[in-house]
Structures are given as structure tokens and as C-alpha cells.
1. What does the charge dipole of the range 130-229 about its Cα centre add up to, to the nearest 20 debye, if the Cβ of each Lys and Arg holds +1 and the Cβ of each Asp and Glu holds -1?
2. Rounded to the nearest whole Å², what accessible area per residue is found for the range 163-287 with the 1.4 Å probe?
3. Describe numerically, in nm with one decimal, the distance between label points set 7 Å from Cα along Cα→Cβ at ALA76 and at SER113.
4. Check which residues have an amide H placed less than 5 Å from GLY116's amide H, if you skip close sequence neighbours.
5. Mind scanning LYS246/LYS276; LYS204/LYS246; LYS183/LYS276 and naming the pairs with a C-alpha gap bigger than 30 Å?
6. Estimate the FRET efficiency between THR260 and GLU224 by the formula 1/(1 + (r/R0)^6), using the beta-carbon distance for r and 35 Å for R0, to the nearest 0.05.
7. Specify the inter-centroid distance of the range 236-269 and the range 190-226, based on alpha-carbon positions, in whole Å.
8. Report ³J(HN,Hα) in whole Hz for each residue of the range 178-188, in order, from the Karplus equation J = 6.51 cos²θ - 1.76 cosθ + 1.60 where θ = phi - 60°; Gly and Pro get x.
Amino acid sequence: MTVLFGTTIPVGPADDPGAVGPAVPCVDAAASTGQTPAAAATQRPSEGSVHSWDLSTGVDGPGTRFVTFLAGCPLACLYCHNPDTMRMRNGRRTSADDVIAEARKYTRFISASGGGATVSGGEPLLQPVFAGELLHRMKHELGLHTALDTSGFLGARATDALLRDVDLVLLDIKSWDRETYRKVTGRPLEPTLDFARRLAALGKEVHLRFVLVPGLTDARENIEGVAAFAGGLGNVSRVDVLPFHKLGESKWDALDMRFTLHDTPSPTAGQVAAAKAVFAAQGLTAV
């Protein structure tokens, strides 16, 4: 398979890998035996449902990065720009060996750019053993800086062993107002906040992401709530204020899914600047 720079390449046809089981307990034995976390936990080769992989610059962590998009997500965000990653059956059962072999082709270029590897989705923590295997091998076998891109809703599935192999967490906090969060995602906010607090206690570096949606998440008190929480954590090194856009609407149409934000405009430059100023007032670097 060829990966084109800046282009997402589907891994293959859809296969339903079946239901995902409960979180796997932390396996600290892996560190002392030399086994990867997945091998220690499962005693078999690690496989997962992969939607695609991509080389990207500037949007999935620092530098140029090899990004693996895992299929499946427990959230149903109204503005999701990759609705084709929502279901695990939209991915292909793929081995960790295959992903690592593909990433290995680009390690010299990635390292020269100050980049690394990012495991994204969908929601990677829906497949915690497979995600942990990829992160461990990207870090220790390929020597790459690693990032985990997550909503945090399934943060309890991230074992301490998995997080030791993560250099950076890209964490989405989609709203501070609980009713708005549930409206946006279909899920409660608290698991994400609990995960954020855990990351802070571990001293894990976090880049926070906040999507600014006019008429939905743009109320000043909502932004102030997210900013105050993030500012109090002590480990948030950057905040990305992301303007809402409708570039993924065609994907919703192709999947015969209703895009309810069809009439919602993108925020103005002034609205984005005002939101960034709220985060900056908490001593955060907002871009």
C-alpha cells in the first residue's frame, strides 16, 4: 500500500470485528519481561480495527506524524468530520505488525521534522490493547514521539502501562455545560474530566482541543468553564481553538446520515480570537 503525503488512505474493505470487551487490567509485567503490553495481556498477536493511516503535519501533534485512525467511537458528535470512523465495522482487521511496517518506511523523514506517531480515531481507547501495542512499538521499536488523540470518555480504559508509552495526549473537551456536552456528543462529560485530572496527576503533557460552534458551544460562560478547568490542571501546554466547519458534511450524506448542523455558520475570526483570549486569560497558550 502507498501512503500519499497529506492524504488519508483507507486500509481496506469493511469487516465487522465484533464487540469490544471490557478494559484490560494494567500489565506491569511487560516492562520487566520485554514483552509488549498487548503480548503480555493477550498472549497472541495484536490486531485491531483500523480505518486508515495518514502522514500529516501540524494537526495531529508536533511535526510531521504517522497517524493511525482506529475505527469505532462511543460518541456521536454532531459536527464529526469523520463519521465514517464511528463504527468498528467501517475498519479492517489489521495486525500491529502491518501498521508498524508501514510507519517504519517514514521514520527517518518523520524524525527529521521533529514529528512522531499519533494513534487517533474514531476513539482509540475503544481498542485499548491494540492502541497500547501501537504506541509501545512506535515509541520503543521505532523511536518516535507518541501522541494519543482521544475524547477522554473511555479514559478509564487507558492503563498506566499504556500511558507510560504516551508522550502527549491530544484531549477534546467539547463543552463545559453538561447539557450542551450531552447534546453535542450523546454522552456525559464527567469521564473526560476524570481522565484529564488523572493525566494532570501523572504529569502527562496535554494539548487541549475545543471546537467553537456558533449557537452551541460559543457561550462565554461555557468557554470560561473549559478555560478555568484547563488552567487549573497545570499540564496543558497548548489549547487549539478549532473553528466549526462543514467539510465533512458530504460524508454524512454518503452514509445516509442526517447532518443536523447544516445551517450552522462557521465562527468569524473575531469570535475565534475572543475565545482564544478567554483561554489566554487563564495563562494558557491558545492557537
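1. Details: 14 positive and 15 negative charges, 34 e Å.
For this selection, approximately 160 debye.
2. Numbers: 5870 Å² over 125 residues.
Solvent-accessible surface per residue comes out at 47 Å².
3. 3.6
4. THR64, ARG65, PHE66
5. Details: LYS246/LYS276 21 Å; LYS204/LYS246 32 Å; LYS183/LYS276 23 Å.
The pairs that break the limit, which is 30 Å between Cα atoms, are LYS204/LYS246.
6. Details: r = 26 Å, r/R0 = 0.74.
So, using R0 = 35 Å, E works out to roughly 0.85.
7. 18
8. After applying 6.51 cos²θ - 1.76 cosθ + 1.60, I find 5, 5, 5, 4, 5, 5, 5, 10, x, 9, x Hz.
The values are calculated or read from the model by the stated rules, or taken from the named source; none is laboratory data. In this text, all values refer to a predicted model and were calculated from it rather than measured experimentally. Note: ideal-geometry Cβ built from the backbone for every residue, glycine included; neighbour counts use all protein chains shown. To get the accessible areas, we keep the full protein, side chains included, count just its heavy atoms, and leave off ligands, DNA and RNA. Shrake-Rupley method; radii C 1.70, N 1.55, O 1.52, S 1.80 Å.
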